[in-house]
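What follows is a single structure, written as structure tokens, with notes after it.
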Amino acid sequence: MPNIKELEDFVSQVRRDIVRQVHQVSSGHPGGSLGCAEFFVALYQEVMKRKEGFDMDGKGEDLFFLSNGHISPVFYSVLARSGYFPVDELNTFRKIDSRLQGHPTTHEGLPGIRIASGSLGQGLSVALGAAQTKKLNGDDNLVYSLHGDGELQEGQNWEAIMYAAANKVDNIIATVDLNGQQIDGSTDDVLNMGSVRAKFEAFGWDVLDIEKGNDMAAIVEGLKEAKSRTGKGKPVCILLHTIMGNGVDFMMYTHAWHGKAPNDEQLEKALAQNPETLGDY
Amino acid sequence: MKKFTNSGNIDTRSGFGAGMDELGKTHEDVVALCADLTGSLKLNDFEKNHPERFFQTGIAEANMIGMAAGMTIGGKIPYATTFANFATGRVYDQIRQSVAYSGKNVKICASHAGLTLGEDGATHQILEDLGLMKMLPGMTVINPCDFNQTKAATIAIADYDGPVYLRFGRPSVPNFTEKDGKFEIGKALHLVDGSDVTIIATGHLVWHALEAAEQLEEKGISAEVINIHTIKPLDEEAILNSVKKTRCVVTCEEHNYLGGLGESVAGVLAKNDPVYQEFIATNDTFGESGTPAELMEKYGLNTKSIVEAVNRVLAKK
């Protein structure tokens, strides 16, 4: 059994890393990053099978693809604190000559990143390709991916969703961050997608909800349940119900912090709510 | 002047198919993806002989490009195939982010490029693809001229690690380059020696350039013919060496003059050795329905127009 308390402490540090990265350069995307902090920590610290070090091919290990690349602060924090690159490098986020670009990329050779993302809607196709290669290679490890809910408005997703079911790509677990927010407002207001579950199911996916998407125990349990559903002829989708900005009270339940950095005072408030557990960079 | 023999008209896309069939046997990591155009891309043999390595994506090119990028992770060499229009313009952002910027070893293989697609008309006749692709950092852009060269290029790019755009076409055209000849990415082929004018041609226009050189020879004009199959990286040395001698250039391509081979050549000349240049290319226009020969005539992309362009550039020299 995982030590949920340890994982939650890890999340507290990741939240600090997120707001500190964004604050330092007065740019970046804290809202979605905070909402997915528990998911990333669960994935990298508990659920995914990972090899030591990093190689692009990732044979013999699980892979993860971030499709909604703008939540790079949480990705970078969890990668650094999972040993992919020095934690101090978080200091370079979005700065000139950095490997930590505004949106994740392979271009500067940052370990842990396997594809550039930022222009939305492309990650599921990439994950499917990697999953098909795993099958060709006789590699029975899994491919995980994360997508924003607003991002589902990009049509390429539905090409990929259709392909995955038709071709029984059952070694993939695609998670949708259902925070209900996008830049211009709530997803319901901007472009109401109706039932995301019904859509995935209609396309032939096995769908499960993690209703408490910011509850570590619920996430670990949900990911393990998803894992048990792989290899059964259907791609697996997790609908992760999260709260945007989770863990920083004034950033929660709003799209206002989608792409906005806290000022000095707001940073102090955010940090006060999230104790330093692993040591600040 | 050196003569080239047409061993029989055949489409360049069949050269692609033949190359894929061979790669299927020699390169176990080569996989093919196709967006509902298997027959048009001449991939039937590859599909039949290697069904486990053939991925039918349906009419969903964006997903095809993304999947191809993902398939490189784990060591596959994906050949993503469809018509040139759908392989470039339709999926530019997917190629830009998931393939080029991500540095993925994807081969984008595009048939039915240019006007010679014919009767289907302008919706399918892309004349902007070379420009779109050559502007992407790190993208290698290849436009072979006949069956033999297309087959050789198809095979050669498997051993090159990086993104490639390989462009070929639909109609049957003369097959005149060496059978199973060596294909060197980025290396121009010096076809005919000459001293009065340099004709630089790519793709279907290479045969027309050779015909033009013959006609010019009868009139006492000595034309040098260079086949640039790799638009990027461009063999600048071959261009500059020839121009040093001839002092004028005609570039020939089945593409818009904006963004094409001619513009790349002009850039090299402007920087190093400015000389007069004429462009055999479409003039910032869309195509239309018609037979390939009618279209090439109407839009000035044939032997006759190359001869005229040579006369124009010689008059300026």
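The values are calculated or read from the model by the stated rules, or taken from the named source; none is laboratory data. All figures in this text were calculated on a predicted structure; none of them were measured in a lab. Positions of Cβ are backbone-derived with ideal geometry, glycine not excepted, and every protein chain shown enters the neighbour counts.
Yes or no: region A:168-178 includes at least one residue that is small (G, A, S) and surrounded by fewer than 24 Cβ atoms within 10 Å (Cβ to Cβ). The answer is no; no qualifying residue exists.
Among the residues of region B:74-84, are any surrounded by fewer than 21 Cβ atoms within 10 Å (Cβ to Cβ) and not hydroxyl-bearing (S, T, Y)? Yes: one or more hits. Being assigned to a helix (DSSP H, G or I), modelled with pLDDT of 95 or more and away from every other protein chain (no Cβ under 14 Å) is not true of A:L100. Of all the residues in region A:103-112, those that are touching a residue at least 40 places away in the same chain (Cβ under 8 Å) and within 9 Å of another protein chain (Cβ to nearest Cβ) number 1.
Table: residues versus (1) surrounded by 22 or more Cβ atoms within 10 Å (Cβ to Cβ); (2) in contact with a helix residue (DSSP H, G or I) (Cβ under 7 Å, 6 or more places away or on another chain); (3) farther than 14 Å from A:L124 by Cα.
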| position | (1), (2), (3) |
| --- | --- |
| A:S186 | no, no, yes |
| A:F203 | no, yes, yes |
| A:M216 | yes, yes, yes |
| A:K232 | no, no, yes |
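Filtered by the rule that a residue be small (G, A, S) and farther than 24 Å from A:L7 by Cα, region A:219-240 gives A:G231, A:G233.
Among the residues of region B:111-138, what is the count of those that are aliphatic (A, V, I, L, M) and either within 14 Å of chain A (Cβ to nearest Cβ) or not in a loop (DSSP other than H, G, I, E, B) (or both)?
The qualifying residues number 6.
Within the span defined as region A:46-56, every residue fails to be buried (at least 24 other Cβ atoms within 10 Å of the Cβ), modelled with pLDDT of 95 or more and closer than 24 Å to B:G70 by Cα. With the condition kept exactly as written, say whether any residue in region B:79-97 is part of a loop (DSSP other than H, G, I, E, B), within 14 Å of another protein chain (Cβ to nearest Cβ) and at pLDDT 95 or above. No, every residue in region B:79-97 fails to be part of a loop (DSSP other than H, G, I, E, B), within 14 Å of another protein chain (Cβ to nearest Cβ) and at pLDDT 95 or above. Among the conditions (1) under 16 Å from A:K135 (Cα atoms); (2) at the interface with chain A (Cβ under 8 Å from one of its Cβ atoms), the only one that B:N63 does not satisfy is (1). Candidates are the residues of region A:159-179 that are free of Cβ contacts under 8 Å to residues at least 40 places away in the same chain and touching a helix residue (DSSP H, G or I) at 6+ places or on another chain (Cβ under 7 Å); the one that is nearest to A:K234 (Cα to Cα) is A:Y163. Screening B:I108, B:I73 for residues that are closer than 30 Å to A:H70 by Cα, at pLDDT 95 or above and in a strand (DSSP E or B) leaves exactly one candidate, B:I108. Only one of the listed residues (B:E47, B:E52, B:E28, B:E22) is within 14 Å of chain A (Cβ to nearest Cβ) and either within 30 Å of B:E178 (Cβ to Cβ) or among the β-branched types (V, I, T) (or both). That residue is B:E28.
When A:G53 is tested against (1) away from chain B (no Cβ under 11 Å); (2) at negative phi, only condition (2) is not met.
Where helices (runs of 4 or more DSSP H) sit wholly within region B:210-317, none has at least 3 residues that are polar (S, T, N, Q), at positive phi and surrounded by fewer than 24 Cβ atoms within 10 Å (Cβ to Cβ).
Among the numbered conditions (1) of a type outside the set (V, I, T); (2) closer than 18 Å to B:M64 by Cα; (3) crowded, with 16+ Cβ neighbours inside 10 Å, the only one that B:G39 does not meet is (3).
For first residues located in region B:181-199 and in a loop (DSSP other than H, G, I, E, B), partners that are of a type in the set (K, R) and lie 6+ apart or on another chain with Cβ distances below 6 Å form the pairs B:S195/B:K245.
Is region A:105-116 home to any residue that is within 17 Å of B:T72 (Cβ to Cβ), hydroxyl-bearing (S, T, Y) and either surrounded by fewer than 24 Cβ atoms within 10 Å (Cβ to Cβ) or in contact with a strand residue (DSSP E or B) (Cβ under 6 Å, 6 or more places away or on another chain) (or both)? The answer is yes; a qualifying residue exists. Determine the pairs where a residue that is among the small types (G, A, S), located within region B:266-286, has a partner that is at pLDDT 95 or above and assigned to a strand (DSSP E or B) with Cβ atoms under 7 Å apart, the partner being 6 or more residues away or on another chain. What qualifies is B:A266/B:Q277; B:A281/B:E253; B:A281/B:H255; B:A281/B:N256. Checked against (1) within 26 Å of A:T133 (Cα to Cα); (2) buried (at least 24 other Cβ atoms within 10 Å of the Cβ); (3) among the polar types (S, T, N, Q), A:S82 passes all but a single condition, namely (2).
Taking strands (runs of 3 or more DSSP E) as the structural unit, those lying wholly within region A:114-214 and holding at least 3 residues that are under 18 Å from A:S72 (Cα atoms) and more than 14 Å from chain B (Cβ to nearest Cβ) correspond to A:172-178.
Based on this model, can you work out whether B:H190 counts as surrounded by 24 or more Cβ atoms within 10 Å (Cβ to Cβ) and in contact with a strand residue (DSSP E or B) (Cβ under 7 Å, 6 or more places away or on another chain)? So B:H190 does not fit the description; no.
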